[in-house]
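What follows is a set of notes on a single structure, which appears directly below.
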Amino acid sequence: MHQFTTQRLHMRLLDERDKALYCSLYTDPVVMEKIGKTLAYEKTEKSFAIALKLLNATPQRHYVWLISDKHTGEALGMQNIAINKQDSTQAEFGIMLTPKSYGKHIAFESIGALTEYGLHTLKLQKMYSYFQPSNTAILKIAQRLNYQIDMQNLQPNTGQASCYMLQAQYKDTFIQH
């Protein structure tokens, strides 16, 4: 349940086996460079426990998937969807990849599949994400996936830009059925 694949990738919900990866991503300064502050290991352990608890909440409003290589099973990163508390037809998403996954079009493929999953399977009307304007990799991915990008109205306090996709706009197919 709540898993999907692409040509190269498999996404499954996070579970206890993924604690080491989760903690390593949030404590890695290279991974966190364009995301936010690097966390202390103890804080990532608490965050991981909260993430697992949210995955089992009813109704489920938060999903975190492990991204792995479909053929080798190697963990490549994580991505998530957090459904908006005020409007359950909208959700924020994000992605974190291991540094050795950089430059291999993993983010493009996994965000494309995540978008399709969110808009079609979860029946969301809008998916959006915030990112640092200096994060040119995410900007290029958003452009290639036809997300609407707002670099003008930066978020107060964080200075982040945003992008969004409406269900009516979405056309590409990434998930293999």
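The values are calculated or read from the model by the stated rules, or taken from the named source; none is laboratory data. Since we're looking at a predicted model, the values are computed, not measured. So basically every Cβ, Gly included, is an ideal-geometry build from the backbone, and we count neighbours across all protein chains shown. Just so you know, the surface numbers come from the protein's heavy atoms only, side chains and all, with ligands and any DNA or RNA stripped out. Shrake-Rupley method; radii C 1.70, N 1.55, O 1.52, S 1.80 Å.
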Exercise. If we count every other residue with Cβ under 15 angstrom of residue 1's Cβ, Lys/Arg +1 and Asp/Glu -1, where does the sum land?
Worked result: 0
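Treating only the Cβ of Lys, Arg, Asp and Glu as charged (+1, +1, -1, -1), what charge dipole size does the chain show about its Cα centre? Round to the nearest 20 debye. Before the final figure, lay out each step's value.
Numbers: 19 positive and 15 negative charges, 22 e Å.
With only Lys, Arg, Asp and Glu charged at Cβ, the dipole is about 100 debye.
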For this session: Could you name the lysines whose alpha carbon sits less than 28 Å from that of residue 104, not counting residues in the same chain fewer than 8 places away?
Result: 19, 34, 37, 70, 126, 140, 171
Problem set entry | Percent RCO, i.e. relative contact order, over segment 39-80, from Cα pairs under 8 Å lying at least 6 residues apart | 25
Exercise. Counting only the heavy atoms of the protein chains, how much of residue 61 is accessible to a 1.4 Å probe, in Å² to the nearest 10?
Worked result: 70
Problem set entry | Heavy-atom accessible area per residue - segment 11-61, 1.4 Å, Å² | 63
Exercise. Can you give the relative contact order of the chain as a percent, counting alpha carbon pairs under 8 Å and 6+ residues apart?
Worked result: 21
Problem set entry | Built amide H within the under 5 Å cut-off of residue 67, gap 5+ | 76, 77, 78, 79
Seminar exercise, completed: The summed charge of the residue 79 Cβ neighbourhood (under 13 Å; Lys/Arg +1, Asp/Glu -1) stands at -3
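Determine the calculated [θ] at 222 nm for the chain from helices alone, applying -39500 (n - 2.57) to every DSSP H run no shorter than 4 residues and normalising by the residue count; nearest 500 deg cm²/dmol.
Numbers: 5 runs with 48 residues, N = 177.
Calculated from helices alone, the mean residue ellipticity at 222 nm is -8000 deg cm²/dmol.
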Exercise. How much of the accessible area of segment 21-152, probe 1.4 Å, is carbon plus sulfur, in whole percent?
Worked result: 53
Problem set entry | Length-normalised contact order for segment 42-112 - Cα pairs under 8 Å, 6+ apart - percent | 19
